[in-house]
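Engineer: Here it is, the structure in full.
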Amino acid sequence: MSPTRTIRPSGRLSIAVALAALSVLVLALAFAAPAHAAVSYNTQEQAFVKLLNDYRVANGLQPLLVSDALSLASERHASDMGKYDFFSHVTKRSDWFPAGSYPWDRMKLCGYYSGKEGENLAAGQSSAQSLFTAWRASSSHNSVMLDPGFKVVGVGFVITTGSDYTYYWDACFGGTVDGGAHTLGPVRYQQTNRYILKYGTWCDTASSLASGGSYGWSSTRGAAATVAFIGTRLDWLAAVGPSGARVDIYLDGVKKTTLDLYAATAAYGVRVWSTGSLPYGTHTVRMVRNSDCPTGEIVTLDAVDLWGTLKPAY
(Lines give C-alpha, C1' and ligand atoms only; values in the text may rest on other atoms or scores of the structure.)
Protein backbone atom coordinates (compact mmCIF):
# COMPACT_ATOMS: atom_id res chain seq x y z
CA MET A 1 0.00 0.00 0.00
CA SER A 2 1.38 3.42 -0.91
CA PRO A 3 2.27 5.60 2.07
CA THR A 4 0.71 8.67 0.45
CA ARG A 5 -2.85 9.75 -0.25
CA THR A 6 -4.15 11.16 -3.52
CA ILE A 7 -5.57 14.68 -3.23
CA ARG A 8 -7.55 16.16 -6.12
CA PRO A 9 -9.09 19.63 -6.60
CA SER A 10 -12.58 18.10 -6.80
CA GLY A 11 -12.24 16.60 -3.37
CA ARG A 12 -10.24 13.98 -1.60
CA LEU A 13 -9.62 10.32 -2.30
CA SER A 14 -8.30 7.72 0.06
CA ILE A 15 -5.73 5.09 -0.64
CA ALA A 16 -7.91 2.24 -1.86
CA VAL A 17 -7.83 -0.70 0.51
CA ALA A 18 -8.27 -4.21 -0.90
CA LEU A 19 -6.75 -6.65 1.57
CA ALA A 20 -7.57 -10.12 2.80
CA ALA A 21 -7.98 -9.68 6.54
CA LEU A 22 -5.88 -12.27 8.30
CA SER A 23 -7.04 -11.27 11.72
CA VAL A 24 -9.74 -9.15 13.27
CA LEU A 25 -9.42 -7.06 16.40
CA VAL A 26 -11.38 -8.25 19.41
CA LEU A 27 -13.95 -5.49 19.83
CA ALA A 28 -16.46 -4.79 22.55
CA LEU A 29 -19.90 -6.26 21.95
CA ALA A 30 -21.39 -2.96 22.98
CA PHE A 31 -20.38 -1.59 19.57
CA ALA A 32 -22.00 -4.38 17.57
CA ALA A 33 -24.73 -3.33 15.14
CA PRO A 34 -28.16 -4.82 15.78
CA ALA A 35 -29.14 -7.45 13.23
CA HIS A 36 -32.37 -5.59 12.44
CA ALA A 37 -30.70 -2.22 11.68
CA ALA A 38 -32.57 -0.67 8.74
CA VAL A 39 -30.69 0.36 5.61
CA SER A 40 -32.13 2.56 2.87
CA TYR A 41 -30.51 3.90 -0.30
CA ASN A 42 -30.72 7.49 -1.48
CA THR A 43 -30.75 8.42 -5.17
CA GLN A 44 -27.00 9.09 -5.33
CA GLU A 45 -26.14 5.77 -3.68
CA GLN A 46 -28.41 3.96 -6.14
CA ALA A 47 -26.84 5.88 -9.03
CA PHE A 48 -23.35 4.84 -7.93
CA VAL A 49 -24.29 1.15 -7.76
CA LYS A 50 -25.67 1.41 -11.31
CA LEU A 51 -22.51 3.12 -12.58
CA LEU A 52 -20.31 0.57 -10.84
CA ASN A 53 -22.19 -2.47 -12.13
CA ASP A 54 -22.49 -1.14 -15.68
CA TYR A 55 -18.72 -0.54 -15.58
CA ARG A 56 -18.00 -4.06 -14.37
CA VAL A 57 -20.25 -5.64 -17.01
CA ALA A 58 -18.59 -3.52 -19.74
CA ASN A 59 -15.27 -4.99 -18.58
CA GLY A 60 -16.51 -8.56 -18.70
CA LEU A 61 -17.12 -8.92 -14.94
CA GLN A 62 -20.16 -9.94 -12.95
CA PRO A 63 -22.14 -7.10 -11.33
CA LEU A 64 -22.11 -6.88 -7.56
CA LEU A 65 -25.05 -7.57 -5.31
CA VAL A 66 -25.76 -5.02 -2.59
CA SER A 67 -25.10 -6.05 0.99
CA ASP A 68 -27.10 -4.15 3.61
CA ALA A 69 -24.52 -5.11 6.25
CA LEU A 70 -21.72 -3.55 4.18
CA SER A 71 -23.86 -0.49 3.46
CA LEU A 72 -24.45 -0.05 7.18
CA ALA A 73 -20.69 -0.10 7.77
CA SER A 74 -20.18 2.35 4.90
CA GLU A 75 -22.87 4.76 6.00
CA ARG A 76 -21.70 4.83 9.60
CA HIS A 77 -18.04 5.41 8.72
CA ALA A 78 -18.96 8.17 6.25
CA SER A 79 -21.10 9.76 8.96
CA ASP A 80 -18.26 9.56 11.48
CA MET A 81 -15.78 11.18 9.08
CA GLY A 82 -18.09 14.13 8.53
CA LYS A 83 -19.16 14.55 12.14
CA TYR A 84 -15.70 14.23 13.67
CA ASP A 85 -13.68 15.84 10.83
CA PHE A 86 -11.27 13.08 9.86
CA PHE A 87 -10.56 11.26 6.62
CA SER A 88 -9.05 7.81 7.03
CA HIS A 89 -9.66 4.10 6.64
CA VAL A 90 -8.97 3.87 10.38
CA THR A 91 -11.67 5.10 12.76
CA LYS A 92 -10.52 8.13 14.75
CA ARG A 93 -13.73 8.77 16.64
CA SER A 94 -17.16 7.21 16.20
CA ASP A 95 -20.70 6.89 17.41
CA TRP A 96 -20.63 3.16 16.56
CA PHE A 97 -17.09 1.76 16.36
CA PRO A 98 -14.10 1.68 18.71
CA ALA A 99 -11.28 4.08 17.83
CA GLY A 100 -8.64 2.29 15.77
CA SER A 101 -11.14 0.09 13.89
CA TYR A 102 -10.08 -0.93 10.38
CA PRO A 103 -12.53 -1.49 7.50
CA TRP A 104 -12.83 -5.23 8.14
CA ASP A 105 -13.45 -4.55 11.83
CA ARG A 106 -16.34 -2.22 11.01
CA MET A 107 -17.76 -4.68 8.49
CA LYS A 108 -17.67 -7.52 11.02
CA LEU A 109 -19.36 -5.40 13.67
CA CYS A 110 -22.15 -4.69 11.17
CA GLY A 111 -22.62 -8.39 10.47
CA TYR A 112 -20.34 -9.08 7.50
CA TYR A 113 -17.16 -11.14 7.21
CA SER A 114 -15.60 -12.98 4.27
CA GLY A 115 -11.80 -12.86 4.61
CA LYS A 116 -11.56 -10.67 1.49
CA GLU A 117 -12.67 -7.10 2.03
CA GLY A 118 -12.01 -3.77 0.35
CA GLU A 119 -12.89 -0.14 0.89
CA ASN A 120 -12.82 3.02 -1.24
CA LEU A 121 -13.22 6.42 0.42
CA ALA A 122 -13.76 9.89 -1.01
CA ALA A 123 -14.69 13.34 0.24
CA GLY A 124 -15.90 16.41 -1.63
CA GLN A 125 -17.74 14.71 -4.50
CA SER A 126 -21.37 15.86 -4.51
CA SER A 127 -22.71 13.30 -7.00
CA ALA A 128 -22.33 9.64 -7.90
CA GLN A 129 -21.03 10.59 -11.34
CA SER A 130 -18.25 12.81 -9.98
CA LEU A 131 -17.32 10.12 -7.47
CA PHE A 132 -17.24 7.37 -10.10
CA THR A 133 -15.15 9.54 -12.45
CA ALA A 134 -12.63 10.23 -9.68
CA TRP A 135 -12.31 6.60 -8.61
CA ARG A 136 -12.02 5.38 -12.21
CA ALA A 137 -9.16 7.83 -12.80
CA SER A 138 -7.29 6.53 -9.73
CA SER A 139 -5.48 3.25 -10.46
CA SER A 140 -5.79 1.98 -6.88
CA HIS A 141 -9.50 2.79 -6.54
CA ASN A 142 -10.22 1.54 -10.04
CA SER A 143 -8.57 -1.80 -9.28
CA VAL A 144 -10.94 -2.26 -6.32
CA MET A 145 -14.00 -1.52 -8.48
CA LEU A 146 -12.80 -4.03 -11.10
CA ASP A 147 -11.58 -6.74 -8.73
CA PRO A 148 -13.15 -10.01 -9.99
CA GLY A 149 -12.91 -11.47 -6.48
CA PHE A 150 -15.52 -9.14 -5.05
CA LYS A 151 -19.14 -10.32 -5.06
CA VAL A 152 -20.99 -7.68 -3.01
CA VAL A 153 -20.78 -3.96 -2.33
CA GLY A 154 -22.11 -1.58 0.29
CA VAL A 155 -22.30 2.18 -0.18
CA GLY A 156 -22.74 5.15 2.10
CA PHE A 157 -23.10 8.81 1.06
CA VAL A 158 -23.48 11.34 3.86
CA ILE A 159 -23.80 15.13 3.69
CA THR A 160 -22.44 16.94 6.75
CA THR A 161 -22.93 20.70 6.52
CA GLY A 162 -20.12 22.72 8.11
CA SER A 163 -17.54 19.92 7.92
CA ASP A 164 -14.27 20.11 5.97
CA TYR A 165 -15.59 18.46 2.79
CA THR A 166 -19.40 18.40 3.25
CA TYR A 167 -19.80 15.24 1.11
CA TYR A 168 -18.44 11.90 2.36
CA TRP A 169 -18.44 8.57 0.52
CA ASP A 170 -17.56 5.06 1.65
CA ALA A 171 -17.90 1.93 -0.50
CA CYS A 172 -17.18 -1.42 1.13
CA PHE A 173 -16.53 -4.52 -0.99
CA GLY A 174 -16.70 -8.18 0.01
CA GLY A 175 -15.74 -11.51 -1.50
CA THR A 176 -18.63 -13.54 -0.06
CA VAL A 177 -22.35 -13.20 -0.82
CA ASP A 178 -24.01 -12.82 2.56
CA GLY A 179 -27.57 -13.83 3.35
CA GLY A 180 -28.95 -10.29 3.06
CA ALA A 181 -27.40 -9.51 -0.33
CA HIS A 182 -29.84 -8.38 -3.01
CA THR A 183 -30.20 -6.57 -6.29
CA LEU A 184 -30.94 -2.86 -6.14
CA GLY A 185 -33.82 -1.65 -8.19
CA PRO A 186 -35.57 -0.64 -10.11
CA VAL A 187 -32.80 0.74 -12.30
CA ARG A 188 -34.05 2.32 -15.53
CA TYR A 189 -32.40 1.80 -18.90
CA GLN A 190 -33.65 3.75 -21.93
CA GLN A 191 -34.51 2.09 -25.23
CA THR A 192 -31.47 3.71 -26.86
CA ASN A 193 -29.03 1.72 -24.71
CA ARG A 194 -26.47 -0.03 -26.92
CA TYR A 195 -26.96 -3.34 -25.10
CA ILE A 196 -30.60 -3.59 -26.21
CA LEU A 197 -30.57 -5.33 -29.58
CA LYS A 198 -33.25 -4.46 -32.13
CA TYR A 199 -34.19 -6.34 -35.29
CA GLY A 200 -36.01 -4.85 -38.25
CA THR A 201 -36.36 -1.13 -38.91
CA TRP A 202 -36.70 0.90 -35.70
CA CYS A 203 -37.13 4.63 -35.25
CA ASP A 204 -36.85 6.83 -32.17
CA THR A 205 -39.48 9.53 -31.78
CA ALA A 206 -39.08 12.44 -29.38
CA SER A 207 -41.81 13.01 -26.82
CA SER A 208 -41.69 14.91 -23.57
CA LEU A 209 -44.16 12.38 -22.18
CA ALA A 210 -41.90 9.39 -22.85
CA SER A 211 -39.27 8.11 -20.43
CA GLY A 212 -35.98 9.80 -21.28
CA GLY A 213 -37.68 12.09 -23.80
CA SER A 214 -38.16 9.54 -26.60
CA TYR A 215 -39.48 6.08 -27.39
CA GLY A 216 -38.59 3.47 -30.02
CA TRP A 217 -41.06 1.93 -32.45
CA SER A 218 -41.25 -0.36 -35.45
CA SER A 219 -43.96 -1.56 -37.82
CA THR A 220 -41.64 -3.97 -39.65
CA ARG A 221 -42.90 -7.53 -40.00
CA GLY A 222 -40.94 -9.62 -37.47
CA ALA A 223 -39.54 -6.56 -35.69
CA ALA A 224 -38.03 -7.58 -32.34
CA ALA A 225 -36.03 -6.32 -29.38
CA THR A 226 -33.88 -8.45 -27.09
CA VAL A 227 -32.92 -7.43 -23.56
CA ALA A 228 -30.44 -9.49 -21.52
CA PHE A 229 -29.79 -8.76 -17.86
CA ILE A 230 -28.28 -10.16 -14.68
CA GLY A 231 -30.76 -9.83 -11.87
CA THR A 232 -34.19 -10.82 -10.61
CA ARG A 233 -36.82 -8.84 -12.53
CA LEU A 234 -37.54 -6.78 -15.67
CA ASP A 235 -40.49 -4.45 -16.31
CA TRP A 236 -41.17 -3.31 -19.88
CA LEU A 237 -42.33 0.28 -20.43
CA ALA A 238 -43.99 1.03 -23.77
CA ALA A 239 -46.07 3.56 -25.64
CA VAL A 240 -49.64 2.39 -26.27
CA GLY A 241 -52.25 3.83 -28.61
CA PRO A 242 -54.64 3.30 -31.55
CA SER A 243 -51.78 1.93 -33.71
CA GLY A 244 -50.46 -0.49 -31.09
CA ALA A 245 -49.57 -3.97 -32.32
CA ARG A 246 -49.76 -7.37 -30.67
CA VAL A 247 -46.41 -8.52 -29.34
CA ASP A 248 -45.19 -12.01 -28.47
CA ILE A 249 -43.10 -12.08 -25.28
CA TYR A 250 -40.41 -14.69 -24.64
CA LEU A 251 -38.56 -15.17 -21.34
CA ASP A 252 -35.39 -17.27 -21.48
CA GLY A 253 -36.52 -18.75 -24.79
CA VAL A 254 -40.02 -19.69 -23.64
CA LYS A 255 -43.08 -17.85 -24.94
CA LYS A 256 -44.96 -16.33 -22.01
CA THR A 257 -47.79 -14.32 -23.58
CA THR A 258 -49.07 -12.26 -26.49
CA LEU A 259 -49.55 -8.66 -25.42
CA ASP A 260 -51.77 -6.06 -27.13
CA LEU A 261 -50.37 -2.52 -27.23
CA TYR A 262 -53.65 -1.11 -28.54
CA ALA A 263 -55.30 1.67 -26.53
CA ALA A 264 -58.02 4.11 -27.57
CA THR A 265 -55.89 7.03 -26.33
CA ALA A 266 -52.13 7.30 -26.70
CA ALA A 267 -50.05 7.02 -23.51
CA TYR A 268 -46.33 6.81 -22.85
CA GLY A 269 -44.12 5.13 -20.29
CA VAL A 270 -46.81 2.55 -19.58
CA ARG A 271 -45.67 -0.51 -17.61
CA VAL A 272 -47.17 -3.12 -19.93
CA TRP A 273 -45.47 -6.32 -18.76
CA SER A 274 -43.22 -7.71 -16.02
CA THR A 275 -41.25 -10.90 -15.60
CA GLY A 276 -42.20 -10.92 -11.94
CA SER A 277 -39.66 -12.23 -9.43
CA LEU A 278 -37.01 -14.52 -10.92
CA PRO A 279 -34.08 -16.45 -9.46
CA TYR A 280 -30.96 -14.27 -9.47
CA GLY A 281 -28.96 -14.89 -12.64
CA THR A 282 -28.79 -14.12 -16.35
CA HIS A 283 -32.14 -13.79 -18.11
CA THR A 284 -33.22 -12.76 -21.61
CA VAL A 285 -36.49 -11.12 -22.66
CA ARG A 286 -37.40 -11.01 -26.35
CA MET A 287 -40.29 -8.93 -27.71
CA VAL A 288 -41.45 -9.83 -31.24
CA ARG A 289 -44.12 -8.10 -33.32
CA ASN A 290 -46.85 -10.69 -33.88
CA SER A 291 -46.81 -12.04 -37.45
CA ASP A 292 -50.59 -11.53 -37.85
CA CYS A 293 -50.46 -7.77 -37.19
CA PRO A 294 -51.76 -5.61 -40.07
CA THR A 295 -49.49 -3.10 -41.79
CA GLY A 296 -49.22 0.11 -39.78
CA GLU A 297 -49.54 -1.42 -36.36
CA ILE A 298 -46.44 -0.74 -34.28
CA VAL A 299 -44.49 -2.34 -31.47
CA THR A 300 -42.89 0.12 -29.06
CA LEU A 301 -40.13 0.18 -26.45
CA ASP A 302 -39.87 3.17 -24.13
CA ALA A 303 -37.54 1.83 -21.41
CA VAL A 304 -36.95 -1.15 -19.15
CA ASP A 305 -36.79 -1.13 -15.36
CA LEU A 306 -34.40 -3.74 -13.98
CA TRP A 307 -33.78 -5.20 -10.60
CA GLY A 308 -30.27 -5.93 -11.76
CA THR A 309 -27.84 -4.87 -14.50
CA LEU A 310 -28.21 -4.75 -18.26
CA LYS A 311 -25.72 -6.84 -20.21
CA PRO A 312 -24.99 -7.32 -23.92
CA ALA A 313 -27.61 -9.44 -25.66
CA TYR A 314 -26.13 -11.96 -28.10
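The values are calculated or read from the model by the stated rules, or taken from the named source; none is laboratory data. Since this is a predicted model, take the numbers as computed values, not measurements. Cβ atoms come from the backbone with ideal geometry, glycine included; neighbour counts cover every protein chain shown. SASA here: full protein model, heavy atoms, side chains in, ligands and nucleic acids out. Shrake-Rupley method; radii C 1.70, N 1.55, O 1.52, S 1.80 Å.
Engineer: Can you find, among Ser79, Gly231, Gly60, the residue farthest towards the positive end of the dipole of the chain? Put +1 on the C-beta of Lys and Arg, -1 on that of Asp and Glu.
Structural biologist: Gly60
Engineer: Okay, next question. So what is the relative contact order of the chain, in percent, for Cα pairs below 8 Å that sit 6 or more residues apart? All intermediate terms of the calculation are to be shown ahead of the outcome.
Structural biologist: Working: 744 pairs, mean separation 58.7, N = 314.
RCO, the chain: 19 percent.
Engineer: Give a residue-ordered list of calculated ³J(HN,Hα) values for region 301-309 (Karplus: 6.51 cos²θ - 1.76 cosθ + 1.60, θ = phi - 60°; whole Hz; x for Gly, Pro).
Structural biologist: Couplings: 9, 9, 5, 10, 9, 10, 9, x, 9 Hz.
Engineer: Let me ask you something else. Give the dimensionless ratio obtained when the Cα radius of gyration of the chain is divided by 2.2 N^0.38 Å.
Structural biologist: Working: Rg = 22.5 Å, N = 314, 2.2 N^0.38 = 19.6 Å.
For the chain, the normalised Cα radius of gyration comes out at 1.15.
Engineer: Further question: Please state, as a whole number in µm²/s, the translational diffusion coefficient that the Stokes-Einstein equation yields for region 213-262 at 25 °C and 0.890 mPa s, with Rh defined as the Kirkwood radius across alpha carbon pairs.
Structural biologist: Working: Rh = 12.6 Å.
My calculation gives 195 µm²/s for D.
Engineer: Here's something else I'd like to know. If contacts are Cα pairs under 8 angstrom and at least 6 residues apart, what is the relative contact order of region 153-301 in percent? Can you show the working numbers first?
Structural biologist: On the way: 301 pairs, mean separation 35.6, N = 149.
24 percent.
Engineer: Now, a different point. So what does Ser40 come to for accessible area, using a 1.4 Å probe and Å² rounded to 10?
Structural biologist: For Ser40, the solvent-accessible surface is approximately 90 Å².
Engineer: Evaluated at 20 °C with a viscosity of 1.002 mPa s, what Stokes-Einstein diffusion coefficient in µm²/s does region 68-132 have when Rh comes from the Kirkwood expression over alpha-carbon pairs? Present the calculation step by step, with values, prior to reporting the outcome.
Structural biologist: Values: Rh = 12.2 Å.
Value of D from the Cα-based Kirkwood radius: 175 µm²/s.
Engineer: I would also like to ask the following. Would you mind getting the accessible area per residue of the chain, heavy atoms of the protein chains only, 1.4 Å probe, in Å²? Mind showing how you got there, number by number?
Structural biologist: On the way: 13690 Å² over 314 residues.
Result: 44 Å² per residue.
Engineer: Could you give the DSSP H helices of the chain that reach 15 angstrom or more along their long axis (alpha carbon positions) and whose average Kyte-Doolittle hydropathy is no lower than -0.5? Spell out each step's value before the answer.
Structural biologist: Details: long enough: 43-58 (22 Å, -0.34); 68-83 (22 Å, -0.63).
Membrane-span-like by this criterion, though nothing is claimed about a membrane: 43-58.
Engineer: Continuing with this model, one more query. Gaussian network model of the chain, Cα springs within a sub-10 Å range: biggest mean-square fluctuation belongs to which of Val247, Val153, Val66?
Structural biologist: Judging by the Gaussian network model, the answer is Val247.
Engineer: So what is the orientation-averaged projected area of region 187-314, using the convex hull of its C-alpha atoms, in nm²? Can you show the working numbers first?
Structural biologist: Working: hull surface 27.8 nm².
Hull-based average projected area comes out at 7.0 nm².
Engineer: Now for a different question. Quick one: Cα centre-to-centre distance for region 215-250 and region 255-274, in angstrom?
Structural biologist: 9
Engineer: Let me check something: with ligands and nucleic acids excluded, how do Thr43, Thr295 order by accessible area (1.4 Å probe), largest to smallest?
Structural biologist: Details: Thr43 105, Thr295 140 Å².
Heavy-atom accessible area, descending, gives Thr295, Thr43.
Engineer: Let me ask something additional. Treating only the Cα positions of region 96-162 as identical point scatterers, give the base-10 log of I(q)/I(0) from the Debye formula at each q in 0.12, 0.17, 0.26 Å⁻¹.
Structural biologist: -0.38, -0.76, -1.26
Engineer: How large, in percent, is the carbon and sulfur part of the accessible surface of the chain at a probe radius of 1.4 Å?
Structural biologist: Values: 7210 of 13690 Å².
Roughly 53 percent, rounded to a whole number.
Engineer: Three principal axis extents, largest first, for the C-alpha atoms of region 168-221, in Å?
Structural biologist: Cα spread of region 168-221 along its principal axes, largest to smallest: 47, 28, 17 Å.
Engineer: Which of Asn193, Asn142, Asn53 ends up with the largest GNM mean-square fluctuation for the chain, with Cα atoms connected below 10 Å?
Structural biologist: Most flexible of the set in this elastic network: Asn193.
Engineer: Could you tell me which of Ala171, Val270, Ala134 has its Cα farthest along the dipole of the chain towards the positive end, charges placed at Cβ (Lys, Arg +1; Asp, Glu -1), taken about the Cα centre?
Structural biologist: It is Ala134, whose Cα lies furthest towards the positive end.
Engineer: Just list whichever of Lys256/Lys311; Lys50/Lys92; Lys108/Lys311; Lys83/Lys116; Lys151/Lys311; Lys50/Lys116 have alpha carbons separated by over 25 Å in the model shown. Intermediate values should be presented prior to the final figure.
Structural biologist: Working: Lys256/Lys311 22 Å; Lys50/Lys92 31 Å; Lys108/Lys311 32 Å; Lys83/Lys116 28 Å; Lys151/Lys311 17 Å; Lys50/Lys116 23 Å.
Beyond 25 Å: Lys50/Lys92; Lys108/Lys311; Lys83/Lys116.
Engineer: Under a GNM of the chain (C-alpha, springs under 10 Å), which listed residue has the highest mean-square fluctuation: Asp252, Asp105, Asp85?
Structural biologist: Asp252
Engineer: What are the extents of the Cα atoms of region 238-296 along their three principal axes, in Å, largest first?
Structural biologist: 37, 24, 13
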